[in-house]
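Reading through the structure tokens given below for one structure.
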Amino acid sequence: MPDPSTSHKTSHSTTHKSGSNSTQDGGKKAYAGIDVGGTNIKFGLFHPDGNIIYKEQRPTMADKGATPLMHLITNIAERLMMHASEDELEVPWLGVGTPGAIDFKTGLVLGPTPNIVGWEGMAVGENLRDRLNMSVWVDNDVNAMALAELKFGAAVGAKSVVCVTVGTGIGGAVIIDGKVVRGHTHSAGEIGHTTINFDGPPCKCGKKGCIEAYCSTSAIIIRTKKKLEKDMTPVFQELIGGDIQKLNIKVLTAAAKQDDYVAKEVLEETAEYLAIGLGNIANVLNPQIMVVGGGIVDGSPEFIGYVSASIRKHAFPTAVKELKVTKAALGNDAGFIGAGLLGEHRN
């Protein structure tokens, strides 16, 4: 198992301000959070006022299997606690955000996670509590991200929030009156697996036509490759040297910034597919704000505008009359910050 100490590490003094006065009880108290993504694990320590003390990230290496991944998370958790101890920080609990339907009370992964094979049934909370001998709270990774955006980011002060992440998978979370809506069987917010075309492309979940089958990173790249195989544009030729295997989201968004027509077409298509699903969500929940995050959002300034305009085409007018659609404010830090906040929402 690779040593987490070899990962990319950063000591930060970044402060994410909340809508109210930031807390003054930071001092020696700190929150610890781990964000398990399909591609990377991000983790860190921060004061209760949002001031980041320390953060790192490592590849998830999900292809190695569920048990090695659990070992890696445990090693990372131990490293976090060691770092806190060295800095004489008091950490009241550890929070973990992970893909899947999670029993918040126990930390058990209840359902399949298409991007982490074999993760269903993993007792994340129990394993970490036994190893660390401390309180551990585990929730869906986008639920955690939503809590971070609510307290320190784009959704500060909002009463009803829908959060969506566009990445390896499409994740979702719903917050009503400051509380995460987890659902009767802990499966609320699975926006990525709502169907927008019953006869669409297959999704990793086993269904057809899910938002994720159209808007995940892999789906976006596949569509772009098909277009470039017919017409390798000068911009892409320059960016990837004609080697289509070098194509990724960063290249796509870089091409869009150079007004490449294929790149812009793919981004607009992706926004349309996403908006069809989010328009349905708006009709059901009538939220105050929708927060969208992920690499494609960070890399393309126009993407949020495309999504916002398209939602209004697909939703009932009164459901989107006052809807704000905005980019996530906390970027890659949102997941581990939200995980660290889970202990505040344990009741």
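The values are calculated or read from the model by the stated rules, or taken from the named source; none is laboratory data. All values reported here derive from a predicted model rather than from experimental measurement. With ideal geometry, Cβ positions are generated from the backbone for all residues, glycine too; neighbour counts draw on all protein chains shown. The accessibility values were calculated without ligands, DNA or RNA, using every heavy atom of the protein model including side chains. Shrake-Rupley method; radii C 1.70, N 1.55, O 1.52, S 1.80 Å.
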task = Return yes when GLY242 is at positive phi and under 18 Å from the mean Cα position of the chain (by Cα) and no when it is not.
result = no
remark   = Restricted to the stretch 200-253 and to residues being part of a helix (DSSP H, G or I) and among the hydroxyl-bearing types (Ser, Thr, Tyr), the residue farthest from VAL292 (Cα to Cα) is THR224
message = Looking at the stretch 60-67, can you tell me whether even one residue there is within 16 Å of ALA32 (Cα to Cα) and hydroxyl-bearing (Ser, Thr, Tyr)?
response = no
query = What residue, of TRP119, TRP137, is open to solvent by 30 Å² or more (accessible area, probe 1.4 Å) and in contact with a helix residue (DSSP H, G or I) (Cβ under 7 Å, 6 or more places away or on another chain)?
reply = TRP137
ask   = Restricting the first residue to the stretch 303-315 and requiring it to be over 15 Å from GLY277 (Cβ atoms), which pairs with a second residue that is surrounded by fewer than 19 Cβ atoms within 10 Å (Cβ to Cβ) and of a type in the set (Gly, Ala, Ser) meet a Cβ separation below 7 Å and a spacing of at least six or different chains?
value = none
task = Quickly run through the stretch 135-191 and pick out the residues that are small (Gly, Ala, Ser) and either on the phi > 0 side of the Ramachandran plot or touching a Leu at 6+ places or on another chain (Cβ under 6 Å) (or both).
result = ALA148, GLY153, GLY157, GLY178, GLY183, GLY189
inquiry  = For the stretch 151-168, check the following and say yes or no: at least one residue is of a type in the set (Lys, Arg), outside any loop (DSSP other than H, G, I, E, B) and over 14 Å from the mean Cα position of the chain (by Cα).
reply    = yes
